[in-house]
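The structure appears right after this line, and notes come after that.
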């Protein structure tokens, strides 16, 4: 028994021409048709005008600048943290790791909302400083600036770098470290000469990923950026507020071109840098029990740093939950906790025909349908990728991941033109929003199911086919039961991703359609922070429970889920 599937397929791989056709049809329907519409709507004349406009040039520069400023500190902050978790075992490490990963599971708008609560004019930090220093005006003015956007990105993306770098540290060969130390190398020289070269794949992967995420940012600059604007936000305003369809589509094509450069960089780095520099894991980094009483200064400093970063990552999420029960705090402790915000929330009037109950019901229905459709489409696509060989496999895999590197606002424009206002006239219907979410969820669900299929022992499949079983029977009776837990895990992740999605939900909101994330945004606009926190805490509870259940199911099935890397 080989115990796994090699990258070249297997000797008796079934023909999957029909599955490939279905896979291409899914990609064409969900992604290519909307994208082609956007590209066709752009013009060279509009591009020339945009590139000659000082405002647009400033927006482009701002987008690159904030992406770079977000990437570097997020990666640097995660290095000692990842080393600490890879090097030491300690009580409550599972809980500490969950706290670190919580921000990335939270929707982007929730991270922005947390910064409003913590760093706003009347936020937790300013209220504490005003009381401590006896001030009449808030001393900290952070929000509605590029600095706020960058800090929020660092908060949001440190878990991404942490996940990749912890795996990188864990794969380092302890024998190499022991050999360097036996030759008299210091801790710093050992890290610089032995460990750092082996971390380059993880550093590059996390850095490129965070840069792309930050480059495509929307909710964070929209909510807490103020006059600071990125390409994504500018495209949204040109389309939805100014009616400049051609300008918006041209901006999207410009952004798409830049994104393709990033994707190409990832591919080249993986093929030319990652794989050649990977070091085989002989024994792995040796872990030891953390003992602060007997440990050296380095271990104590790392523990203190980890605690500080845990506070930076965990407290904003905590304050979202706590603000739903209290309007003020003493340090981190809520004052006068009650359920008043939740009671007021369910009777709040948005001024539309949508109530809070409607918003919750629509969000759940949309997420359930999007999860079902995405997992069904992803199962077909993952099967096609796994049973393809050579270049066909690489092309299918890259095409499936392409929606992740495309502007969400651009995809929204294309979906609206093709399916919202096109032949189907779906705009204003909840089914249209579910279809839109499918575009974003489909790549992630495909990766999860593909990973599960890759781990199925090919000898089991070959034995079934050799015994005369049909391909369909083999899939239903051999492969499907083995990947069942991972399919369910992918469904839960898809559900959580859909219910917290903000960009499409905001763009396609109507007087009768308003999901929970948009309801939170409306409550923030109405300065109802307590009610917004109450609704976000309900949403985060669903997302965190779904993510936890998905991880447990995946671990029970085929080795767990790797998030954010």
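The values are calculated or read from the model by the stated rules, or taken from the named source; none is laboratory data. This one's a predicted model, so the numbers in the text were calculated from it and none came from an experiment. As a convention, Cβ positions derive from the backbone with ideal geometry for all residues, glycine included, and neighbour counts pool all protein chains shown.
Screening 59, 124 for residues that are crowded, with 20+ Cβ neighbours inside 10 Å, in contact with a strand residue (DSSP E or B) (Cβ under 7 Å, 6 or more places away or on another chain) and in contact (Cβ under 8 Å) with a residue 60 or more places away in the chain leaves exactly one candidate, 124. Of 152, 205, all but one fail to be surrounded by fewer than 23 Cβ atoms within 10 Å (Cβ to Cβ) and closer than 18 Å to residue 73 by Cα; the exception is 205. Of 117, 172, all but one fail to be more than 21 Å from residue 332 (Cβ to Cβ) and surrounded by 22 or more Cβ atoms within 10 Å (Cβ to Cβ); the exception is 172.
Where helices (runs of 4 or more DSSP H) fall entirely within region 145-194, those with at least 2 residues that are touching a helix residue (DSSP H, G or I) at 6+ places or on another chain (Cβ under 6 Å) and either within 21 Å of residue 230 (Cα to Cα) or at pLDDT below 95 (or both) are at 146-170, 174-182.
One line per residue, one yes/no per condition, for (1) in contact with a helix residue (DSSP H, G or I) (Cβ under 9 Å, 6 or more places away or on another chain); (2) surrounded by fewer than 24 Cβ atoms within 10 Å (Cβ to Cβ); (3) in a helix (DSSP H, G or I):
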residue: 428; (1), (2), (3): yes, yes, no
residue: 432; (1), (2), (3): yes, yes, yes
residue: 441; (1), (2), (3): yes, no, yes
residue: 465; (1), (2), (3): yes, yes, yes
residue: 469; (1), (2), (3): yes, yes, no
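When 401, 378, 388, 323 are checked against the criterion of being touching a residue at least 24 places away in the same chain (Cβ under 8 Å) and farther than 30 Å from residue 474 by Cβ, a single residue qualifies: 323. Can you tell me how many residues within region 226-249 are more than 20 Å from the chain's Cα centre (by Cα), modelled with pLDDT of 85 or more and either over 12 Å from residue 409 (Cα atoms) or assigned to a loop (DSSP other than H, G, I, E, B) (or both)? Selection size over region 226-249: 6.
The residues listed here are 63, 94, 127; of these, the one that is within 30 Å of residue 198 (Cα to Cα) and either modelled with pLDDT under 95 or in the same structural domain as residue 226 (by TED's automatic domain parsing) (or both) is 94. Checked against (1) within 30 Å of residue 64 (Cβ to Cβ); (2) outside any helix (DSSP H, G or I); (3) touching a residue at least 24 places away in the same chain (Cβ under 8 Å), residue 141 passes all but condition (3).
Results for (1) modelled with pLDDT of 85 or more; (2) over 26 Å from the mean Cα position of the chain (by Cα); (3) surrounded by 18 or more Cβ atoms within 10 Å (Cβ to Cβ), shown as yes or no for each residue.
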| site | (1), (2), (3) |
| --- | --- |
| 401 | no, no, no |
| 422 | no, yes, no |
| 436 | yes, no, yes |
| 445 | yes, no, yes |
| 494 | yes, no, yes |
| 500 | yes, no, yes |
| 513 | yes, no, yes |
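Taken together, the residues in region 447-463 that are under 17 Å from residue 372 (Cβ atoms) and more than 15 Å from the chain's Cα centre (by Cα) amount to 1. Could you tell me whether region 349-366 includes any residue that is modelled with pLDDT of 90 or more, buried (at least 17 other Cβ atoms within 10 Å of the Cβ) and within 30 Å of residue 20 (Cα to Cα)? The answer is yes; a qualifying residue exists. Quick check: anything in region 43-53 surrounded by 19 or more Cβ atoms within 10 Å (Cβ to Cβ), touching a helix residue (DSSP H, G or I) at 6+ places or on another chain (Cβ under 9 Å) and modelled with pLDDT of 90 or more? So far as region 43-53 goes, no, none of its residues is surrounded by 19 or more Cβ atoms within 10 Å (Cβ to Cβ), touching a helix residue (DSSP H, G or I) at 6+ places or on another chain (Cβ under 9 Å) and modelled with pLDDT of 90 or more. Residue 322: crowded, with 18+ Cβ neighbours inside 10 Å, more than 27 Å from residue 489 (Cα to Cα) and touching a strand residue (DSSP E or B) at 6+ places or on another chain (Cβ under 8 Å), yes or no? Judged against the criteria, residue 322 is a match.
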